[in-house]
Structures are given as C-alpha cells and as structure tokens.
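Rule-based calculations on the coordinates, nothing more; no lab input. Just so we're clear, the structure is a prediction, and the values are computed from it rather than from any experiment. For neighbour counting, all protein chains shown are included, and Cβ atoms are generated from backbone atoms with ideal geometry for every residue, glycine included.
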Amino acid sequence: MYKNPVIVFEGIEASGKSTHIKKVSKYLNKINRKFIKIREPGGSFYSEIIRKLMLNNKSKSNFNTDLMLIMASRSENFDKILRKNYKKKIILIDRFIDSTVAYQHYGMGIDKNLIIKLNNFILGNFKATHTFVNIVNKKNMKIRFSKRNLLNKYDKFNFSFYNKVQKGYLQISKNKKKYSIIDSNKNSIEENYHIIIKKIKKII
C-alpha cells in the first residue's frame, strides 16, 4: 500500500489509456485524494511546446531527434512538476519511461541501453509504483481512429509499427507484479475501468 503512488498508463494509440486516466482522475476527485496528472510528451510549459513540435503533422524530425525531444520534455517535467510532488500527491502519468523504450527501441530500433541511461540521468531513482498497459488490436484501432477529428504524426504509422511497439510493451511488463495488462479487445471501457479502480484501491 502506498500513500501517494506514481501510477502510469501506457499503450499504443487508441488503446484506451487516455480515457482511463480521465476516469481515474474523476474517481480520485470523488474520494478527495490530492493528485496531479500529466502527459508525455507534454506536461510543463516547455514540455507542451515540445509536444506541439514533435506531434505536428508536418514534422519531418528523425527518430533520434524525437528521442531527444522526449527526453527534453521529461527533464522539464521532472524539474518543474514531478520532483516537487513526489510522495506528496498521487501522480498520474499518461505515458512515461516504458513508452520511450517501446516506441524508440522496439518500434524504431534505437539502442535500449542509451534510452535507459538517459532516463536514469534525468530521473535518478524516480520510478512508477504501478503501470497499466493498455492493448488494442488492429480492427479496433482502425475503428477508433476513424472517429477522431484530427490525427497527429504518431497516429499515422502503419500497423506493423504499432504491433512492434505493443509487443515491446508486453515484453517490458512480462511476469512483473507492478504491471497490469488492460485488454480493450475483450472488455468494455466500463469493465476495464472497474478492473483499474479495483487495483488502484489496493495500491492507495
């Protein structure tokens, strides 16, 4: 049991992670628990600027540049938001360290050890208490994309890329107690929400 845990929501595009983090936020408000919520890339002032640069549809930045932009965003978040709220409030993060490993290593082929070293340099001992990995299949992903008004740069890869990333997430979380797999293909949003809340009640 943790008084103020760091809870991360991971997953590829259209996997349901952002929907669940919004619902968890409402739940924490309802039970009067203090929390902060950020997204990556994004979060602090400069991190949101970086997000706009990185996800812009017209962006032609290469994979290495994207990695450095993510790390810059994370560094700003840690300095401006995460460090001062750590163990003082519940922290909810929409994508974090595992997302960088899944996308930039498993998806794009960048050296995993480099990514880990950069994360350690920026974050030190700051780690997630529990991570919810949301998964989605190709069929449901296409349906959800069709309902979006705007698609950003990272919404436009082919499914073979997303499949590699998703397999990366599953490899990262394999046989680890601090991870929960949330399958959006088998359960409804409400069913998965109840699974998540049940776990969060145990954590807090």
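So the values come out like this:
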{"quantity": "D_trans [Stokes-Einstein, Kirkwood Rh over alpha-carbon pairs] for region 98-147, 37 °C, 0.692 mPa s, µm² s⁻¹", "calculated": "250"}
{"quantity": "Violating pairs (Cα-Cα greater than 28 angstrom) within the set K84/K164; K84/K178; K37/K199; K23/K80", "calculated": "K84/K164"}
{"quantity": "Packing rank of 135-143, 20-28, where each peptide gets the mean count of other beta carbons within 10 Å, highest leading", "calculated": "20-28, 135-143"}
{"quantity": "Unit charges at the beta carbon, dipole of the chain: most positive-side option, V6, I195, F157", "calculated": "I195"}
{"quantity": "Pairs from K34/K177; K112/K138; K3/K60; K3/K142 whose Cα-Cα separation, in the structure shown, is over 31 Å", "calculated": "K3/K60; K3/K142"}
{"quantity": "Solution diffusion estimate, µm²/s, Stokes-Einstein, the chain, Kirkwood Rh from C-alpha pairs, 37 °C, viscosity 0.692 mPa s", "calculated": "189"}
{"quantity": "Estimated dipole of the chain in Debye, rounded to 20 [Cβ of Lys and Arg +1, of Asp and Glu -1, Cα centre]", "calculated": "720"}
{"quantity": "Euclidean distance between Cα centres, region 144-204 to region 98-117, Å", "calculated": "18"}
{"quantity": "Expected 222 nm ellipticity per residue - DSSP helices of 4 or more, -39500 (n - 2.57), all of the chain, to 500", "calculated": "-14500 deg cm²/dmol"}
{"quantity": "Packing-based exposure ordering (other Cβ within 10 Å, fewest first) of K199, K186", "calculated": "K186, K199"}
{"quantity": "Where labels lie 7 Å past Cα in the beta-carbon direction, separation of K112 and K139 in nm", "calculated": "3.2"}
{"quantity": "Cα-based shape type of region 156-204, given that a ≥ b ≥ c are square roots of the gyration tensor eigenvalues and the cut on a/c is 1.5", "calculated": "oblate"}
